[in-house]
Amino acid sequence: MKTQETIELYNKYVIGNYGRLPRVIVKGEGCYIWDADGNKILDMFPGWAVSGTGHCHPKVVAAIRKQVGELIHMDNTFYTEQQARLAQLLSERAFGGKCFFCNSGAEANEAALKLARRHTASHKYKYITAERGFHGRTFAAVTATAQPKYHQGFLPMLPGFSYVPFNDIKALEGAFTDEVAAVMVEPIQGEGGINIANKEYLQAIRELCDKHGALMILDEVQTGVGRTGKWFGYQQFGVEPDIMTLAKALGGGVAIGAMMAKPEVAASLVPGTHASTFGGNSLACAAGIAVIEAIEEEGLLENAAKMGAYARGKLEALAKKHSIIDHVRGIGLMIGIELNAAGGGIVSKCLELGLRINCTHDTILRFMPPMTVTSDQLDEAVDILDKAIAKV
Ligand SMILES: Cc1ncc(COP(=O)(O)O)c(C=O)c1O
């Protein structure tokens, strides 16, 4: 089918709730994607951080192929080995947590918010989240997302949420009451523009939650599963949450979400309190196991840390050349390029020249390559970005 024919079918049959780039993607491999017109594109924002191990990682593909021939889905009335093994692999890497599996980041956050209510005292129904955070689009997740633009047209939002500026300890102290069940933040805000939490801020959340009998929830939907160079973002800061949520890179491209909680907290979710029909199905869990094994066997945490430093160095050099770049920030392969003007035109020009990146909050370019990325590919990406900025 020709590109235009596909787009016409979308216009006729698919709800137009996304602004899409005018390309039809037909293939992905590692750090590259191909469109229906045969163009090869270097993908430095693969699947909005879903394809963390690269597109169609061979080990993930092999695990999916094998699993698909044996058992695709089994409901949670029964046990499956894949769900058990994935939970074990995650728990061994994150605070001995126990897992609840679902299918997306928003669902993982919903589960976390519900668990916080179940686990804490019955009068605790409030949550504190941070401005510029992003937690998903379901009603509780979007209410937790402290950005008015996402609330427009959906008011009133759920009760009990209060919002504080990110990294502001005083504001956090001021917002705390005995009715707070949980504080939820991202250790590095992704959609908000790669805003990195201060260690002292995360420590203050931990201490205030302990003092007030509330739970600390870290949304690691974007930071989790290796992108920062450690398994989970919180490990960069040495502050452990009570609950952590994951999705995106965990399935290597297959839809999966997970909420992990310390065992004593997890114990509050008993049969009948929460569920997901598809959650933890054999196919998604087999993919998750393969992702974790691939990261380990191929040293991708080390590669993310090393290539992240390399990319930041190259981008900082580019900042010296182009005054439109204010500065570069990030940890591992989660990198933001703060511009002092709108970046949409640069993103479009990059795509024309064969590079995919993203722009958030108008002026922040997001650069989040697969963890398999090489220095040659980063050179190629920065080269194209250089040309795109020059042209725009
Ligand atoms: C930090 C964070 N939390 C939650 C979500 C929502 O995830 P999903 O789109 O899978 O529901 C996202 C999506 O971008 C995210 O970046």
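Once you have the alpha carbon radius of gyration of region 250-392, what is it after dividing by 2.2 N^0.38 Å, with N set to its residue count? Intermediate values should be presented prior to the final figure.
Numbers: Rg = 19.4 Å, N = 143, 2.2 N^0.38 = 14.5 Å.
Compared with the compact-globule rule of thumb, region 250-392 sits at 1.33.
Go through Lys149, Lys230 and list them by solvent-accessible area, largest first, probe radius 1.4 Å. Write out the running numbers ahead of the final one.
Values: Lys149 105, Lys230 85 Å².
These residues rank, largest area first, as Lys149, Lys230.
Hey, can you find the accessible area per residue of region 290-346 for me, probe 1.4 Å, expressed in square angstrom?
On the way: 2380 Å² over 57 residues.
Heavy-atom SASA per residue in region 290-346 reads 42 Å².
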- Query: Going from most exposed to least, what order do Tyr32, Tyr127 have by accessible area with a 1.4 Å probe?
  - Reply: Tyr32, Tyr127
- Query: Whose amide H sits under 5 Å from the amide H of Ala247, counting only residues 5 or more places off or on another chain, with H placed in the peptide plane?
  - Reply: Ala258
- Note on the structure: As a percent rounded to 5, the proportion of antiparallel DSSP bridges among beta bridges in the chain is 65 percent
- Computed helical MRE - 222 nm, the chain, DSSP H runs ≥ 4 contributing -39500 (n - 2.57), nearest 500: -11500 deg cm²/dmol
- Task: May I ask you to evaluate 6.51 cos²θ - 1.76 cosθ + 1.60, the Karplus curve with θ = phi - 60°, for each residue of region 167-180 and list the ³J(HN,Hα) values in order in whole Hz, giving x for glycine and proline?
- Result: 6, 10, 5, 4, 4, 5, 4, x, 7, 6, 9, 5, 8, 6
- On the protein heavy atoms, probe 1.4 angstrom, tell me the percent of accessible surface of region 162-236 carried by carbon and sulfur. 47 percent
- Message: Can you give the FRET efficiency to the nearest 0.05 for Ala84 and Ser323, using r as the Cβ-Cβ distance and R₀ = 51 Å?
- Response: 0.40
- Query: Residue by residue, what Karplus-based ³J(HN,Hα) values in Hz, rounded to whole numbers, does region 210-223 have, using 6.51, -1.76 and 1.60 with θ = phi - 60° and x for Gly and Pro?
  - Reply: 4, 5, 9, x, 10, 9, 9, 10, 9, 7, 10, 4, 9, 7
- Could you tell me what percent of the accessible area of region 1-112 is made up of carbon and sulfur, with a 1.4 Å probe and every protein chain present? 56 percent
- Karplus (6.51, -1.76, 1.60) ³J(HN,Hα), θ = phi - 60°, over region 29-38, in Hz, Gly and Pro reported as x: 8, x, 8, 10, 10, 10, 9, 5, 9, x
- Task: Provide Arg137, Arg117, Arg366 ordered by accessible surface of protein heavy atoms (probe 1.4 Å), highest first.
- Result: Arg137, Arg117, Arg366
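To the nearest 0.05, how large is the calculated FRET efficiency for Ile169 and Glu298 if R₀ is 35 Å and r is the Cβ-Cβ distance?
The formula returns an efficiency of 0.35 here.
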- Please give the residues of region 274-316, grouped as numeric ranges, whose backbone N is less than 12 Å from a label point set 7 Å along the Cα-to-Cβ vector of Asn17. none
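The values are calculated or read from the model by the stated rules, or taken from the named source; none is laboratory data. Every value quoted in this text rests on a predicted model; they were computed, and no experiment measured them. Backbone-built Cβ (ideal geometry, glycine too); neighbour counts: all protein chains shown. Areas reflect the complete protein model, heavy atoms only, side chains present, ligands, DNA and RNA absent. Shrake-Rupley method; radii C 1.70, N 1.55, O 1.52, S 1.80 Å.
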